[in-house]
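First up is the structure itself, then whatever we jot down about it.
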Amino acid sequence: MTNRNSNHLDIKFKKMMEDYKEHKGSLIPALQTTQEVYGYLPKEAMEYISQVLEIPFSEVFGVATFYAQFRLQPRGKHVIKVCSGTACHVRGGPHILKEVEKQLHIKSGETTNDNKFSIEPVACLGACGLAPVMMIDEETFGRLTKERVHQILDSIE
């Protein structure tokens, strides 16, 4: 039985998933491979995994949403992480996060419609002396103010 949504999936991806069919306990590796291929877990790919591994879609979805490593939405070109650790929180981190969300018109955990930016929640960036802090891709920005957030984001756009 073929899933009508699976015809949008890459043939190479389908072949990789078939390789998991014979291995017991291969759901997590199958999800990891899917995320490597697509950058996230598209619903139609999870439906295909359910079909190939002969397990209910609810189980596939449950595992995908339980583990923080898996993403159900595509990531933006630039990933923004605003620290919510104690030092950052005390020094205005929540206001910085609100400012980023306001400027990009998305909430933490979401991606802009143009797929340019994603905001990912993070507990600590390990730069407490620079609090409040955010990272964009691999670059760290510290001692943030609302004005500085605007300058930084505008320089990337």
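What the table shows:
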item: Mean projected area in nm² (Cα convex hull; one quarter of hull surface) for region 1-101; result: 8.3 nm²
item: Label point distance in nm, residue 14-residue 55, each placed 7 Å from Cα along Cα→Cβ; result: 2.2 nm
item: Antiparallel DSSP beta bridges within the chain, as percent of all bridges there, nearest 5; result: 55 percent
item: Added length on full extension, which subtracts the Cα-Cα distance from 0.36 nm per residue, residue 105 to residue 154; result: 16.3 nm
item: Environment charge of residue 42, counting only residues whose C-beta is closer than 12 Å and scoring Lys/Arg +1, Asp/Glu -1; result: -1
item: With Cα atoms, 0 to 90° folded angle of helix 146-156 axis to the chain main axis; result: 50 degrees
item: Simple label model, 7 Å out from Cα along Cβ direction - residue 116 to residue 22, nm; result: 4.9 nm
item: DSSP-loop GluC sites (Glu not before Pro) across region 28-83, with at most 10 other Cβ within 10 angstrom; result: 54
item: Low-density loop cleavage sites - chymotrypsin sites (Phe, Trp or Tyr not before Pro) in region 60-91, where at most 14 other Cβ are within 10 Å (DSSP); result: 67
item: Partnerless cysteines, meaning none of the other Cys C-beta atoms lie under 4.7 Å away, in the chain; result: 124, 128
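Any read-out appearing in this document is the output of simple, stated calculations on the displayed coordinates, not a laboratory observation. None of these values were measured; they are calculated from a predicted model. FYI the Cβ positions are ideal-geometry reconstructions off the backbone, even for glycines, and counts take in every protein chain you see.
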